[in-house]
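Have a look at the structure below before the remarks.
The values are calculated or read from the model by the stated rules, or taken from the named source; none is laboratory data. Computed from a predicted structure; not experimentally measured. Ideal geometry is used to build each Cβ from the backbone, glycine not excepted, and the neighbour counts take in all protein chains shown.
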Amino acid sequence: MNAFEIKDVKKSYPGFELDLDLALPQGCILGLIGENGAGKSTTIKLLLGMLKPDAGSIRVLDRAVDDAFAPVREEIGVVLDEPAYPECLTAKQVGSIMADIYHNWDGAAYARLLEKLNVPSDKKFKDFSRGMKMKLSIAVALAHRAKLLVLDEPTSGLDPVVRDEVVELFSEFTRDENCSVLISSHIVSDLEKLCDYVAFLHKGKLLLCEEKDKLLEQYGLVLCTKEQLETLPVTAVADSLSSFFGVTALIRREDAPEDLAVIPVGLEDLFVTMIKGVEK
């Protein structure tokens, strides 16, 4: 079963249209990568029922996202880019309120998460730093036994040590094969550590969705001259960028000559090269 399925979904705004087919296998982590305005937040809002698609269908945890979707939200943990709780509340008071909202709220787990993430229980939300607000939101998302986490820039504002701790928490979450994660982030290094699958969005279109390890094995980078580029098989060159210093080519390893010096590519370089190739 898939944790969610987005089929033939379209959502239009003036100057922008999302046109998307995307699915997340249950028990896996999918990283959503795209520049600002690519459609990541729109995708997340559609999944959560905060927006209605103009066309197409969306299912989350095997339930249609429609007017009868409310009970399913109990099983979704959400961290949005801008956490918002009443400024007068403390983390302890937030926990008391959530206990009345979620039937599966685990107060002991919430207390452990606050301690692990170093979130003060008696400090008011208005006095929290951005990083502390994100950590509180993560603790809430993980404390009600959700089956799907939907995370929009959850590591934004966190220092590298805490980011590693949070990434490990998300990884532990999917050790239960019934639990899945969708995570959108500009910090691609976090996604590279965490994700089973990655999806590249650009201007509302899905450029690709692939297993991360397979993707990184499939592609590499070659630094060469224009003349050297022209000697390579056409099928081997996925994209190329020219600069004053020469050419950076994105290569499909299986079609490249065996003696070609290919540099391993990371997700960020792969995405940037693909986007610039599309723009070119």
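Summary of computed values
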item: Residue within region 184-206 that is over 27 Å from VAL78 (Cβ atoms), surrounded by fewer than 19 Cβ atoms within 10 Å (Cβ to Cβ) and under 22 Å from the mean Cα position of the chain (by Cα) present; result: no
item: Every residue from region 63-79 that is crowded, with 16+ Cβ neighbours inside 10 Å, of a type outside the set (Gly, Ala, Ser) and either in contact with a Pro (Cβ under 9 Å, 6 or more places away or on another chain) or in a strand (DSSP E or B) (or both); result: VAL65, ILE76, VAL78, VAL79
item: Complete set of residues in region 231-256 that are in a helix (DSSP H, G or I) and under 32 Å from the mean Cα position of the chain (by Cα); result: THR235, ALA236, ARG253, GLU254, ASP255
item: Residues (among the small types (Gly, Ala, Ser) and outside any strand (DSSP E or B)) located in region 186-215; result: SER189, GLY204
item: Selected residue (criterion: surrounded by the most Cβ atoms within 10 Å (Cβ to Cβ)) from residues of region 102-146 that are assigned to a helix (DSSP H, G or I) and without any contact (Cβ under 8 Å) to a residue 12 or more places away in the chain; result: ARG112
item: TYR85 vs. criteria out of contact with any strand residue (DSSP E or B) (no Cβ under 6 Å at 6 or more places or on another chain), surrounded by fewer than 16 Cβ atoms within 10 Å (Cβ to Cβ) and of a type in the set (Ser, Thr, Tyr); result: no
item: Residue in region 55-62 that is exposed (fewer than 15 other Cβ atoms within 10 Å of the Cβ), at pLDDT 90 or above, farther than 21 Å from PRO154 by Cβ and of a type in the set (Gly, Ala, Ser) present; result: yes
item: Long-range neighbours under 6 Å by Cβ, at least six apart or interchain, first residue farther than 11 Å from THR225 by Cβ and among the acidic types (Asp, Glu) within region 237-251, second modelled with pLDDT of 85 or more and part of a strand (DSSP E or B); result: ASP239/LEU250
item: Filter pass, ASP259 being charged (D, E, K, R) and either assigned to a strand (DSSP E or B) or surrounded by 16 or more Cβ atoms within 10 Å (Cβ to Cβ) (or both); result: no
item: Unique residue being at pLDDT 90 or above and β-branched (Val, Ile, Thr) when the list is VAL161, VAL140, VAL166; result: VAL140
item: Residue count, region 82-101 (criterion: over 22 Å from ILE44 (Cβ atoms), assigned to a helix (DSSP H, G or I) and touching a residue at least 24 places away in the same chain (Cβ under 8 Å)); result: 3
item: Among (1) in a helix (DSSP H, G or I); (2) in contact with a Pro (Cβ under 9 Å, 6 or more places away or on another chain); (3) closer than 25 Å to GLY34 by Cα; (4) at pLDDT 90 or above, the one test that ILE183 misses; result: (1)
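Residue-by-condition table, conditions (1) in contact (Cβ under 8 Å) with a residue 40 or more places away in the chain; (2) not small (Gly, Ala, Ser):
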| position | (1), (2) |
| --- | --- |
| PRO160 | no, yes |
| ASP164 | no, yes |
| PHE170 | yes, yes |
| THR174 | yes, yes |
| SER184 | yes, no |
| VAL188 | yes, yes |
| GLN218 | no, yes |
| THR225 | no, yes |
